[in-house]
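Report on the structure given below.
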Amino acid sequence: MDIQMPGMNGYEAARTIRMTDRADAMTIPIIAMTANAFTEDIQAALEAGMNAHIAKPIDVKLLWSTLNNVLGRADKGHTGR
C-alpha cells in the first residue's frame, strides 16, 4: 500500500479496509511501501492496521522476507523464480 496516494492516503485506506464487513477484512495482508521510514512512520502504519512496513527504495531481499513472513511462509523462502 503506497502511503502517499492522492485522494485517500495509505493509512486511511488501510483503516477503511479493516473496518469493512468483508470476512477477510482483518486478515488480508497490507504492507506499507513508502519513503517515509522514521520510527513514527512505521508505527503509524501498524496503528492503521497494516501488517508491515517496507521503506523505499525497495530492498528486494527484505521485500521477499516480509512477504513470506506476512503470508505465513517464512519457512519456504523465495527461490528467485
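Against the definition (at pLDDT 95 or above, aliphatic (A, V, I, L, M), assigned to a strand (DSSP E or B) and under 13 Å from the mean Cα position of the chain (by Cα)), how does Ile54 come out, yes or no? Against the criterion (at pLDDT 95 or above, aliphatic (A, V, I, L, M), assigned to a strand (DSSP E or B) and under 13 Å from the mean Cα position of the chain (by Cα)), Ile54 qualifies.
Answer with yes or no whether Ala37 is touching a His at 6+ places or on another chain (Cβ under 9 Å) and over 20 Å from Gly72 (Cα atoms). Answer is yes for this residue. Of all the residues in the range 21-55, those that are surrounded by 12 or more Cβ atoms within 10 Å (Cβ to Cβ) and more than 21 Å from Asn69 (Cα to Cα) number 1.
The values are calculated or read from the model by the stated rules, or taken from the named source; none is laboratory data. Bear in mind that the values here come from a model prediction, so they are computed numbers and not experimental data. Neighbour counts run over all protein chains shown; Cβ positions are idealised from the backbone, glycine included.
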